[in-house]
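In what follows, a structure is listed as structure tokens, so that the remarks can point back to it.
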Amino acid sequence: VSNCIDAASADRFRHARSTSSSVSRLPPLRSHHCSASSNGSGAAVAAGDVELALGGDQGGSIRYPASWCGIVGLKPTVGLVSRTGIIPIAHSQDTAGPMARSVADAAILLGALAGFDSSDPAMRLRKS
């Protein structure tokens with residue numbers, strides 16, 4: 001990857017009700033925020049700054065920003081995408097997923113992310 005935006009997200013587990021000034025703003029409506037902790041990723045995709053982005057979802061953190069920004073966001077089933085390197089909030093809910101402008105692009109990124117990882121306990125359970 002030649003161009004990468006790292007740490008586009010705000011505080012972990014941000015809710016739609018948050019009033020923090022660190023919240024990313026909707027590209028077309030700067031007076032509105034994008035909601036949830038993957039809001040920076042959602043705003044970057046919606047603004048056209050990146051084609052694809054990753055979000056972390058435990059309680060709506062991919063789905064809310066995707067919805068508010070008018071993009072596609074998918075929370076994969078736990079065990080489909082490796083959780084290695086994700087700081088857990090709840091082991092039964094933590095997962096990373098794609099954010100994109102189209103379903104086709106989100107599916108391509110999900111295909112690249114999905115796969116077995118023997119170091120992830122959720123995947124070991126799925127494999128058996």
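Things to note:
- Each residue in the stretch 84-107 was checked for being modelled with pLDDT of 95 or more and surrounded by fewer than 15 Cβ atoms within 10 Å (Cβ to Cβ), and 4 of them qualify.
- Of the residues making up the stretch 54-106, just one is on the phi > 0 side of the Ramachandran plot and within 10 Å of the chain's Cα centre (by Cα), namely 60.
- Restricting attention to the stretch 57-83 and to residues that are small (Gly, Ala, Ser) and assigned to a helix (DSSP H, G or I), the residue that is most open to solvent (accessible area, probe 1.4 Å) turns out to be 67.
- Filter result (surrounded by fewer than 18 Cβ atoms within 10 Å (Cβ to Cβ), at pLDDT below 90 and assigned to a loop (DSSP other than H, G, I, E, B)) within the stretch 108-126: 118, 119
The values are calculated or read from the model by the stated rules, or taken from the named source; none is laboratory data. On a predicted model such as this, the values are computed, not experimentally measured, just so you know. All Cβ positions, even for glycine, are placed from backbone atoms using ideal geometry, and neighbour counts span all protein chains on display. Heavy atoms of the whole protein, side chains included, go into the accessibility calculation; ligands, DNA and RNA do not. Shrake-Rupley method; radii C 1.70, N 1.55, O 1.52, S 1.80 Å.
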